[in-house]
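Note sheet for the following structure.
The values are calculated or read from the model by the stated rules, or taken from the named source; none is laboratory data. Everything quoted here is computed from the prediction, not taken from an experiment. Backbone-built Cβ (ideal geometry, glycine too); neighbour counts: all protein chains shown. Surface areas here come from the heavy atoms of the whole protein model, side chains and all, with no ligands, DNA or RNA. Shrake-Rupley method; radii C 1.70, N 1.55, O 1.52, S 1.80 Å.
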Amino acid sequence: MRPSSSRSITASGSSATSAIRPWAPLPRSASPTSRPPCGGHGRTRRGSAATPLCHPVRRIRGRPSVCAHLTSPGAAGLFQRALLQSGSCHMSFPPGALGPGTPAYEPFAAEREVQDSGALAARRLGCGPEPAARVLACLREQSTERLATVPLMQSFNRPAFGNALLPAAPGKALATGRFHRVPLLQGTNHDEMRMFVGQSLAAYPIRTDEDYRARLDDAFGPSAAAVAAHYPASRYPSPAPAWSAALTDRSLACTTLRAAREITTTAPRVPLYGYEFEDPHAPVSTGLPALPDLPYGAAHGFELAYLFSAVPTEQPLTDAQSTLSDRMIDYWASFARTGGASTPGAPRWPALRTTGPVLSLAPGPGAVRTGDAYGGHRCAFWDGVRE
């Protein structure tokens, strides 16, 4: 499969586990940074011919993230670069992040947990427990209405580890250096969690300081007071942006930089680049509710409109945003082609080492520059939080 967009980008999607389709390997005699991976040409968002792209190889079975590709022994040699947008191998959500009473979330699950969940789901559908052939036949007779439900989808949307394909949880594998040595580009958006919080505000409003404190207590337990001190509601237009900022930093920004720290510690020679998308007025993705008390800013997935013309938004890009879009495409295409992120005529993109620097991506003169995401997102504080 080729990327569905006409733009010349290597990654598809921006989610909690943004997955790329891995590139076909070069011949053994070829240098991974001296030539394009393979033939074919992509196009920029304005339709001009751009960097050579290549045919992705077949996916690992299931719906793996780029972290699974990086840490699966079976993926050795199947791709030459890895790009993680808005989700690292350590990403997770605390309890209550998606609404009061919602459980903590991690994107991977132990194989036994997945198997137990499957057996329980089968019994609830009247298809269990034994023998296996009868259970399978019963499940195949169920209607799509009974199978395509929110609880079932939430139960089985996580890849399983603890098997030959994925021996360990990707976060643990990354921390111990068990990942493929390929150039890496990773980053997050400045206001990631505003998209998730925004979609739940109608059902679970955060109007008062008491609402906000209840959310903090649910998510962070004994550390709630410390989190409140670092993210006081009085610093924000309303409590909802304060809650979103705390979740963005805890769940996405700082976990991404934690992954960078482990990569540079265990594999210091691996090329690694970091970014932060920081357009506070990025076009809102089509279909999201209007939120007068919570501007979306640079929310989760909003960078995609700058990379793929097929992404629908409520407003078109302005001239300044279109200029940023072209620059981002050049950076992404350069990384796909060479394994390095810098591109002629644009600010140099320095390598990410330990906690920085990252490249800040925003529209306007001088707005593409190096930045301190570690300090900006209070990661030193989050490194010490125990939930």
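Table for the structure above
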| quantity | calculated |
| --- | --- |
| Failed condition for Gln142, given (1) surrounded by 13 or more Cβ atoms within 10 Å (Cβ to Cβ); (2) in a helix (DSSP H, G or I) | (2) |
| Unique match (being within 12 Å of Asp279 (Cα to Cα) and of a type outside the set (S, T, N, Q)) among Ala362, Ala373 | Ala362 |
| Filtered residue count, segment 334-387, keeping only those that are aromatic (Phe, Trp, Tyr) and touching a Leu at 6+ places or on another chain (Cβ under 7 Å) | 3 |
| Matching residues, segment 54-88, being modelled with pLDDT under 85, under 22 Å from the mean Cα position of the chain (by Cα) and part of a loop (DSSP other than H, G, I, E, B) | Val57, Arg58, Arg59, Ile60, Arg61, Gly62, Arg63, Pro64, Ser65 |
| Positions within segment 259-292 being in contact with a Leu (Cβ under 8 Å, 6 or more places away or on another chain), assigned to a loop (DSSP other than H, G, I, E, B) and in contact (Cβ under 8 Å) with a residue 40 or more places away in the chain, in sequence order | Val270, Pro271, Glu278, Asp279, Pro289, Leu291 |
| Close pairs (8 angstrom Cβ cut-off, 6 or more residues apart or separate chains): outside any helix (DSSP H, G or I) in segment 322-342, among the charged types (D, E, K, R) anywhere | Gly339/Arg81; Ser342/Arg348 |
| Among the residues listed as Ser334, Ser325, the single one being farther than 30 Å from Ile206 by Cβ, among the hydroxyl-bearing types (Ser, Thr, Tyr) and buried (at least 22 other Cβ atoms within 10 Å of the Cβ) | Ser325 |
| Total residues in segment 122-136, condition open to solvent by 50 Å² or more (accessible area, probe 1.4 Å) and at negative phi | 9 |
| Qualifying residue in segment 206-216 (condition: free of Cβ contacts under 8 Å to residues at least 40 places away in the same chain, outside any helix (DSSP H, G or I) and either crowded, with 17+ Cβ neighbours inside 10 Å or in contact with an Asp or Glu (Cβ under 6 Å, 6 or more places away or on another chain) (or both)) | yes |
| Some residue of segment 207-226 being closer than 15 Å to Ala299 by Cβ, of a type in the set (Asp, Glu) and at pLDDT 95 or above | no |
| Residue within segment 274-288 that is open to solvent by less than 20 Å² (accessible area, probe 1.4 Å) and of a type in the set (Gly, Ala, Ser) present | yes |
| Hits in segment 83-115 (condition: closer than 18 Å to Leu70 by Cα and among the acidic types (Asp, Glu)) | Glu106 |
| The listed residue being crowded, with 17+ Cβ neighbours inside 10 Å and part of a helix (DSSP H, G or I), out of Pro241, Pro222 | Pro241 |
| Residue match in segment 128-137 (condition: in contact with a Gly (Cβ under 7 Å, 6 or more places away or on another chain), assigned to a helix (DSSP H, G or I) and more than 25 Å from Pro103 (Cβ to Cβ)) | yes |
| For Ala110: the one exception among (1) open to solvent by less than 20 Å² (accessible area, probe 1.4 Å); (2) at pLDDT 95 or above; (3) not charged (D, E, K, R) | (1) |
| Top-ranked residue in segment 310-322 [being β-branched (Val, Ile, Thr) and under 21 Å from Phe196 (Cβ atoms); ranked as surrounded by the most Cβ atoms within 10 Å (Cβ to Cβ)] | Val311 |
| Looking only at segment 145-158, and only at residues there that are under 14 Å from Ser117 (Cα atoms) and not hydrophobic (A, V, I, L, M, F, W, C), the one that is surrounded by the most Cβ atoms within 10 Å (Cβ to Cβ) | Arg158 |
| When residues of segment 351-367 are limited to those that are under 21 Å from the mean Cα position of the chain (by Cα) and in a loop (DSSP other than H, G, I, E, B), the one surrounded by the most Cβ atoms within 10 Å (Cβ to Cβ) | Leu352 |
| Which listed residue, of Leu294, Leu307, is open to solvent by less than 10 Å² (accessible area, probe 1.4 Å), under 15 Å from Ser322 (Cβ atoms) and among the aliphatic types (A, V, I, L, M) | Leu307 |
| Enumeration of residues in segment 160-204 that are open to solvent by less than 40 Å² (accessible area, probe 1.4 Å), farther than 20 Å from Pro271 by Cα and not in a loop (DSSP other than H, G, I, E, B) | Ala160, Asn189, Met195, Val197, Gly198, Ser200 |
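Here is a yes/no grid of residues against (1) among the aromatic types (Phe, Trp, Tyr); (2) in contact (Cβ under 8 Å) with a residue 24 or more places away in the chain; (3) more than 17 Å from Leu252 (Cα to Cα):
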| residue | (1), (2), (3) |
| --- | --- |
| Gly297 | no, yes, no |
| Pro344 | no, no, yes |
| Arg348 | no, no, yes |
| Gly375 | no, no, no |
| Phe381 | yes, yes, no |
| Glu387 | no, yes, no |
